[in-house]
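Encoded as structure tokens, the structure appears first; notes follow it.
The values are calculated or read from the model by the stated rules, or taken from the named source; none is laboratory data. Bear in mind the structure is a predicted one, so any value in this text is a computation, not a measurement. Cβ placement follows ideal geometry from the backbone for every residue including glycine, while neighbour counts extend to all protein chains displayed.
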């Protein structure tokens, strides 16, 4: 039975025409506006791949191309993100890293012996006798890894490479980025707005709840606010918009230089000012068996229902007590999903007048573990005291096939590469660049706003974007009393917002690094062996070195290090963030310089 609704919950989106594609030789019906991952979920196929080391089942988490839990071989190309790839008629999709297939992978037997294949084993096992070392490595290499390179590939046309200059580069096309661009508009100033998606608006495109916080947009659906912002942007002069363009790194050497890979060209962009509005990542759950298919980010569930009209399952439990948890839980009820409960650390979470639908709230509790072997079948919930400690004999089980995770964390990679001073603030979701009221970071001429400056409401993001845009243009010497007065007014409007943060539950099956199959107990053991520096721990265990590039394991890793060493999060610090920020094709790095 399909998990598709009659239509997406946001009527602006349509499924497109019906198409057919094959998955491991089996024909699947889908629609042209669906991604491969969504089409497979709609047909109740949750397991998309197997993990690199223990061949544990893996499925989508974020539906945004970030988590790297949906890597598949599509039309002969390995390691393609299925949640980013639209279905096409007669498309061929194959699962990877499994034999004979992902549903019945006999290599999952390695998971039974995970105690023997611990992190760092390559440094102290399979090393004697010395002449057999290469044989050991070859044998291990046949059973682990992601994807295989085809013997014969089609030649890919190289993209043109060019150098450009701009006055202000705005990285991120969400509500904060669009607002920043609008407020830099000036006939004498060139602004470049860069976004990795095929359209502007970010996550606000997928929200059907009402916008709150700015009078001009009150009583308007969030996705309709995006339309208004884009219209304002079109009317603003001297702004170049680059979509389907990824800023893959910062290469400043006395000047602000960005490396950009778009769908059409590769660009080296020199900018006098940079505004970072790259948004946030969906944070992973912190409980045992948190890697099972059926664990989804709340924003991923929201996108499934509003954009694709596909249910993630039939019975759900939501973790987290913020506005995101309440909004998506209400949305699931609207879609006919049975919401068993919202599990929150809060002593008493109550609904405001905007949440008219009654939602079951489980206060002062956490999810201890997900139950199930190949996918989520239920959860174990446990109560906690005021200090966050587990209260004995309070465990109870709930049946469900969906676990929603409503925690977010700011993006941080580009800020790190530029050299901005970062500090950990749990109320803002993670590591954020320190900045003043003008949204300028510790690096002159670099500004930050929106969720990248700490998780906040859309209204807060728009206000910060306006301030960052005004500050960047005023710092270029533009004399405009009106803009200065406007900036002061916006600064007074800044909301003070704080988040509920995740509570960590220890355990052997609580995976920290989903890409490299590294769990908490392995990290703790490595720390006790002396690998107490984050860079050394990363190299020894492989944590944060996988396909997601540490985007989903960083905060958990730092939390464990801080707990075991007695250091603060800031003392532990962030491991080195190198380009590319997002994976690129090797052919893009070989692009032809059209200026030669």
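Quick look at the numbers
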| item | result |
| --- | --- |
| Strands (runs of 3 or more DSSP E) enclosed by region 185-254 - at least 2 residues per element that are buried (at least 18 other Cβ atoms within 10 Å of the Cβ), touching a helix residue (DSSP H, G or I) at 6+ places or on another chain (Cβ under 7 Å) and not assigned by TED's automatic domain parsing to the domain that holds residue 86 | 191-194, 245-250 |
| Qualifying residue in region 329-346 (condition: in contact with a helix residue (DSSP H, G or I) (Cβ under 9 Å, 6 or more places away or on another chain), surrounded by 24 or more Cβ atoms within 10 Å (Cβ to Cβ), within 23 Å of residue 56 (Cα to Cα) and at pLDDT 95 or above) | no |
| Selection count, region 536-584, where residues are within 18 Å of the chain's Cα centre (by Cα) and over 22 Å from residue 51 (Cβ atoms) | 8 |
| Selection status of residue 93, in contact (Cβ under 8 Å) with a residue 60 or more places away in the chain and outside any loop (DSSP other than H, G, I, E, B) | yes |
| Matching residues in region 475-518 - criterion: being modelled with pLDDT under 70 and at positive phi | 507 |
| Scope region 134-156; condition in a loop (DSSP other than H, G, I, E, B) and over 18 Å from residue 516 (Cα atoms); matching residues | 149, 150, 151, 152, 153, 154, 155, 156 |
| Some residue of region 306-320 being under 15 Å from residue 203 (Cα atoms), in contact (Cβ under 8 Å) with a residue 12 or more places away in the chain and either in a loop (DSSP other than H, G, I, E, B) or in contact with a strand residue (DSSP E or B) (Cβ under 6 Å, 6 or more places away or on another chain) (or both) | no |
| Test: residue in region 17-24 that is closer than 23 Å to residue 403 by Cα and surrounded by fewer than 20 Cβ atoms within 10 Å (Cβ to Cβ) | no |
| Subset of region 459-492 (residues that are exposed (fewer than 15 other Cβ atoms within 10 Å of the Cβ) and part of a helix (DSSP H, G or I)) | 481, 482, 484, 485, 488, 489, 492 |
| Subset of region 1-52 that is out of contact with any strand residue (DSSP E or B) (no Cβ under 7 Å at 6 or more places or on another chain) and without any contact (Cβ under 8 Å) to a residue 12 or more places away in the chain - its residue that is farthest from residue 148 (Cα to Cα) | 11 |
| Residue match in region 31-49 (condition: at pLDDT below 95 and part of a strand (DSSP E or B)) | yes |
| Considering residues of region 255-298 that are free of Cβ contacts under 8 Å to residues at least 40 places away in the same chain and in a loop (DSSP other than H, G, I, E, B) only, the residue nearest to residue 342 (Cα to Cα) | 263 |
| Answer from 117, 110, 131 - the residue that is in a helix (DSSP H, G or I), surrounded by 10 or more Cβ atoms within 10 Å (Cβ to Cβ) and either at negative phi or more than 34 Å from the chain's Cα centre (by Cα) (or both) | 110 |
| Subset of region 514-547 [assigned to a helix (DSSP H, G or I), over 16 Å from residue 572 (Cβ atoms) and in contact with a helix residue (DSSP H, G or I) (Cβ under 7 Å, 6 or more places away or on another chain)] | 522 |
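A quick yes/no check of all residues on (1) modelled with pLDDT of 95 or more; (2) out of contact with any strand residue (DSSP E or B) (no Cβ under 7 Å at 6 or more places or on another chain); (3) more than 30 Å from residue 304 (Cβ to Cβ):
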site	(1), (2), (3)
408	no, no, no
418	yes, no, yes
429	no, no, no
462	yes, yes, no
466	yes, yes, yes
